[in-house]
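S.K.: I am attaching a structure below and will ask some questions about it afterwards.
The values are calculated or read from the model by the stated rules, or taken from the named source; none is laboratory data. Since the structure is predicted, the reported quantities are computational estimates derived from the model, not experimental observations. Because the Cβ atoms are built from the backbone with ideal geometry, glycine has one as well, and the counts that use them run over all protein chains shown.
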Amino acid sequence: MALYWKDVNGRNWPVCACLKAWLPVYQDALLAAGVIKRGLDVWQTIGGAPASGGTHVSGQCVDTAQTSTKAIRIARDMGADASWFRPENWDNSGGGAHAHLNLRGCPHGSASADRQYTSVHQGVDHGKNGLANGAPDPGPKPLSKRTWAQGITYAEEHLMALSDADIDKIAKRVWEYGIASTYDDANKGKKYKAQTHLASNNKFGHEILDKLEGEVEPPKA
Ligand SMILES: [Zn+2]
Ligand SMILES: [Zn+2]
C-alpha cells in the first residue's frame, strides 16, 4: 500500500515508512528553531525527476525549499548526513535551487541514494558532495552519523526540548492557577479562596517558628 505524508497545505506526498515518520519531526524541529513559520515546503519525495538521476525513485530522499545552513544542519543532526544545499544550476542543466535530504539507515532507497553515503567517489562518509563530480562535501560539519530513527529521538530530546523561558512561563501559569483557585473545607462547610488558606497557613507557620525560637537555647558565651 502506498504511504503518503500530508504537508500543511493538505498535499499528499508519496513516501517510504521512514520518511513518513521523519518528515513531521523534521518539520517540528524547523518550527522550533524558527527556520519555518508554518510548514515544510516539499518539492519532491518519491519521484522520477530526471535531474535527480534515479536518487528519488523509491524513498529515502526528499527535496525541500528550506536550503539554509541551519536547515541542513538540523537534517544532518536528525540522521540525514547526506543532505546538501543544491544551488541554482547545480546539475549544469538549469536545475533549480533546493535542499536534497537523504535518510541514513533507510532500507527503501535506490542504489544511487545509498551511494551518497557509501561511495568513495561521491559519499558524504568519504567527505564528498554526493554528486558524480565527486567534489568535497560543502555541508555543515561534523556529521552526526545518526540513523534517521536515532535522529527522531535526538530531535525530540534536544531540538524540541522546552527552553528555560518556556518552563518559567508554565510555572507562572500554574502558580496563578493555584492562587486563583478555591478549596472546600468539609469540616466547616465553607469555601475559602486559596489566598486565605495560604495566609492562615503562613500565620500558623510563624507561630510555630516563634515557639521554636523560644525553646532553643542561645549558644553559651
Ligand atoms: Zn525508508
Ligand atoms: Zn533530491
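S.K.: Among the residues in the range 104-118, are any among the β-branched types (Val, Ile, Thr), surrounded by fewer than 23 Cβ atoms within 10 Å (Cβ to Cβ) and assigned by TED's automatic domain parsing to the domain that holds Pro138?
M.R.: yes
S.K.: Checking Asn9 against (1) assigned to a loop (DSSP other than H, G, I, E, B); (2) under 28 Å from Ala161 (Cβ atoms): exactly one of these is not met. Which one?
M.R.: Looking at each condition in turn, Asn9 falls short on (2).
S.K.: Of the residues in the range 52-71, how many are touching a Pro at 6+ places or on another chain (Cβ under 9 Å) and surrounded by 22 or more Cβ atoms within 10 Å (Cβ to Cβ)?
M.R.: Count: 2.
S.K.: Now, a different point. Suppose the filter is touching a residue at least 12 places away in the same chain (Cβ under 8 Å), more than 16 Å from ligand 1 (Cβ to nearest atom) and either within 20 Å of Ala149 (Cα to Cα) or in a helix (DSSP H, G or I) (or both); does Ala21 pass it?
M.R.: Criteria not met by Ala21.
S.K.: Just the residues that are among the β-branched types (Val, Ile, Thr) and in contact (Cβ under 8 Å) with a residue 40 or more places away in the chain, please, taken from the range 24-43.
M.R.: Passing the criteria: only Val25.
S.K.: Something else about it: Ala186 versus (1) surrounded by fewer than 11 Cβ atoms within 10 Å (Cβ to Cβ); (2) at pLDDT 80 or above: which is the lone unmet condition?
M.R.: The one condition Ala186 does not meet is (2).
S.K.: Identify the residue in the range 45-64 that is touching a helix residue (DSSP H, G or I) at 6+ places or on another chain (Cβ under 9 Å) and away from ligand 1 (no atom under 15 Å from the Cβ) and, among all such residues, is farthest from Tyr4 (Cα to Cα).
M.R.: Once the filter is applied, the top-ranked residue is Gly53.
S.K.: What pairs can you find where one residue is in the range 127-145 and more than 21 Å from Ala51 (Cβ to Cβ), the other is of a type in the set (Gly, Ala, Ser) and at pLDDT 95 or above, and their Cβ atoms are less than 7 Å apart, with a gap of 6+ or different chains?
M.R.: Final answer for the pair search is Pro136/Gly127; Ser144/Gly79.
S.K.: Would you be able to say whether some residue in the range 127-150 is modelled with pLDDT of 95 or more, exposed (fewer than 14 other Cβ atoms within 10 Å of the Cβ) and touching an Asp or Glu at 6+ places or on another chain (Cβ under 9 Å)?
M.R.: The answer is yes; a qualifying residue exists.
S.K.: Could you check the range 11-51 and list, in sequence order, the residues that are hydroxyl-bearing (Ser, Thr, Tyr) and either touching a strand residue (DSSP E or B) at 6+ places or on another chain (Cβ under 6 Å) or surrounded by fewer than 16 Cβ atoms within 10 Å (Cβ to Cβ) (or both)?
M.R.: Correct list: Thr45 only.
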